[in-house]
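Trainee: Please find one structure pasted underneath; my questions will follow.
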Amino acid sequence: MRSLLLVAVLAACFAPDSSAAPDAKATPTPAKPKVSITFAEAQALFPMVKKACADIECLITEAYRADPKAQTLALALYRDSGNVAGVGPEELMDGGYRGKIQLVPELPIHNYRTHLQWVSDAMRATDAFFARLFDKHPAPAYRWRDVQFRFVRSVGKRTPSAYALKWMVAYNVEGTLLTSAAGVFETIFHELFHTNDHERGDWSAKHLQKDYDAIVAKCGTKMTCLRPFAPNTTIVLATGTYYAFQQNNGNGVHEYAAELAVRYWREQNEMLTKGKLSAPAFKCGPPENARSWKAFVDEFFAGRDLTPAC
């Protein structure tokens, strides 16, 4: 889960545009995975559709009828990668250190259409990234397509920006981190890791917890101490610490691992586009970093790491 009370200090390479992300036209698109969103699952994303539909494209067409431009985007998102953009349920969420948060359904149309565009761009960039990174290499057992996007709006707050359920990403159109294409790309990449981590039976807690707990025991929330261990620069303004080490946010190792995923994207993307890193590789920091990195890359990305040895 990523909160509104975060500030993401994004390097230029984080922006999913032609200068930062692989060109989708320049690399083959990975074959569509065998898994897909069922019609029943899609129906739950479009409670506003009263017409009797027989397929998902009909549901999308009807739901977005009030905004033809958004309708075109939503249909293309589904046809290109099996992702379905609908709405989440109204709920009162326990946000941990954020407090209680009321979320209501909000279809990304009209003034919110830009969010749908950013999600579409992020998913195309993610497709292109994996296609280029694993070109002529076995694809990783990692899912980033056929995802349900549940658009919501927070009432009276602007947090969390997003959170993940099983193959679902809830997206808050008022989220602080979701004010640019770069912020949306990073946030979605972070949340997609959560879905894969969950699918592997909470892998991060089983394999990274010991080192994570030792870091927290040593540093607490002090940024000067945590800095060498932080995979990403995202911080929580309310507490003044790195998001990867924020407490009262569920099991913090989940967020640490998801921030590792963002760091993986950044470093591999730099190697693909520039042939070198703009900062030292994460694995070349403290021993805890090297252990977490190797275990993480081997498990989720088939051991593929373009960064040079330390």
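Trainee: Which residue pairs have Cβ atoms closer than 9 Å, lie 6 or more positions apart in sequence or on different chains, and pair a first residue in the stretch 281-298 that is surrounded by fewer than 17 Cβ atoms within 10 Å (Cβ to Cβ) and assigned to a loop (DSSP other than H, G, I, E, B) with a second residue that is at pLDDT 95 or above and not hydroxyl-bearing (Ser, Thr, Tyr)?
Mentor: Pro286/Ile215; Pro286/Pro228; Pro286/Phe229
Trainee: Checking Lys274 against (1) over 30 Å from Leu116 (Cβ atoms); (2) touching an Asp or Glu at 6+ places or on another chain (Cβ under 9 Å), which single condition isn't satisfied?
Mentor: (2)
Trainee: Among (1) at pLDDT below 95; (2) more than 30 Å from Gln268 (Cα to Cα), where does Pro160 come up short?
Mentor: Among (1) at pLDDT below 95; (2) more than 30 Å from Gln268 (Cα to Cα), the lone unmet condition for Pro160 is (2).
Trainee: Can you tell which of Arg145, Arg132, Arg158 is over 30 Å from Arg65 (Cβ atoms), surrounded by 19 or more Cβ atoms within 10 Å (Cβ to Cβ), of a type in the set (Lys, Arg) and assigned by TED's automatic domain parsing to the domain that holds Ile60?
Mentor: Arg132
Trainee: Follow-up. Going residue by residue through the stretch 218-229, is there one that turns out to be within 21 Å of the chain's Cα centre (by Cα) and modelled with pLDDT of 95 or more? Outline the logic, then answer.
Mentor: Residues of the stretch 218-229 that are within 21 Å of the chain's Cα centre (by Cα), as a first pass: 229.
Filter once more, keeping what is modelled with pLDDT of 95 or more: 229.
Checked against the condition, which is being within 21 Å of the chain's Cα centre (by Cα) and modelled with pLDDT of 95 or more, the stretch 218-229 yields at least one hit.
Okay, residues lined up against (1) in the same structural domain as Val262 (by TED's automatic domain parsing); (2) in contact with a Ser or Thr (Cβ under 9 Å, 6 or more places away or on another chain); (3) buried (at least 20 other Cβ atoms within 10 Å of the Cβ):
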residue: Gln102; (1), (2), (3): no, yes, no
residue: Thr114; (1), (2), (3): no, no, no
residue: Ala164; (1), (2), (3): no, yes, yes
residue: Leu177; (1), (2), (3): no, yes, yes
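Trainee: Go through (1) part of a loop (DSSP other than H, G, I, E, B); (2) surrounded by 19 or more Cβ atoms within 10 Å (Cβ to Cβ); (3) of a type outside the set (Lys, Arg) and name the single condition Leu260 misses.
Mentor: Of (1) part of a loop (DSSP other than H, G, I, E, B); (2) surrounded by 19 or more Cβ atoms within 10 Å (Cβ to Cβ); (3) of a type outside the set (Lys, Arg), only one is false for Leu260: (1).
Trainee: Considering only the stretch 179-207, state which residues are surrounded by fewer than 20 Cβ atoms within 10 Å (Cβ to Cβ) and over 26 Å from Gln43 (Cβ atoms).
Mentor: Passing the criteria: Thr179, Ser180, Arg200, Gly201, Asp202, Trp203, Ala205, Lys206, His207.
Trainee: For the stretch 98-165, which strands (runs of 3 or more DSSP E) that fit wholly inside it have 2 or more residues that are touching a residue at least 60 places away in the same chain (Cβ under 8 Å) and more than 26 Å from Thr273 (Cβ to Cβ)?
Mentor: Numbers: elements: 100-105, 148-155, 162-165.
Filter on the stretch 98-165 gives 148-155, 162-165.
Trainee: May I ask you to list the residues in the stretch 19-51 that are modelled with pLDDT under 95 and more than 24 Å from Tyr142 (Cβ to Cβ)?
Mentor: Listed by number, the residues that qualify are Ser19, Lys50, Lys51.
Trainee: In this structure, is Gly250 of a type outside the set (Phe, Trp, Tyr) and touching a helix residue (DSSP H, G or I) at 6+ places or on another chain (Cβ under 9 Å)? Explain how you work it out, then say what you get.
Mentor: On the way: of a type outside the set (Phe, Trp, Tyr): yes; touching a helix residue (DSSP H, G or I) at 6+ places or on another chain (Cβ under 9 Å): yes.
So Gly250 passes the test.
Trainee: Sticking with this one: Which residue pairs have Cβ atoms closer than 6 Å, lie 6 or more positions apart in sequence or on different chains, and pair a first residue in the stretch 198-225 that is assigned by TED's automatic domain parsing to the domain that holds Ala244 with a second residue that is aromatic (Phe, Trp, Tyr) and at pLDDT 95 or above?
Mentor: Sorted first by the residue in the stretch 198-225, then by its partner, the pairs are Tyr212/Tyr256; Ile215/Phe229.
Trainee: Taking the criterion of being small (Gly, Ala, Ser), out of contact with any strand residue (DSSP E or B) (no Cβ under 9 Å at 6 or more places or on another chain) and under 18 Å from Asp80 (Cα atoms), would at least one residue in the stretch 131-141 satisfy it? Walk me through how you get there before you give the answer.
Mentor: Taking the stretch 131-141 first, the residues small (Gly, Ala, Ser) are 131, 139, 141.
Now restrict to residues that are out of contact with any strand residue (DSSP E or B) (no Cβ under 9 Å at 6 or more places or on another chain): 131, 139, 141.
Now narrow it down to the ones that are under 18 Å from Asp80 (Cα atoms): 131.
There is at least one residue in the stretch 131-141 that is small (Gly, Ala, Ser), out of contact with any strand residue (DSSP E or B) (no Cβ under 9 Å at 6 or more places or on another chain) and under 18 Å from Asp80 (Cα atoms).
The values are calculated or read from the model by the stated rules, or taken from the named source; none is laboratory data. None of these values were measured; they are calculated from a predicted model. FYI the Cβ positions are ideal-geometry reconstructions off the backbone, even for glycines, and counts take in every protein chain you see.
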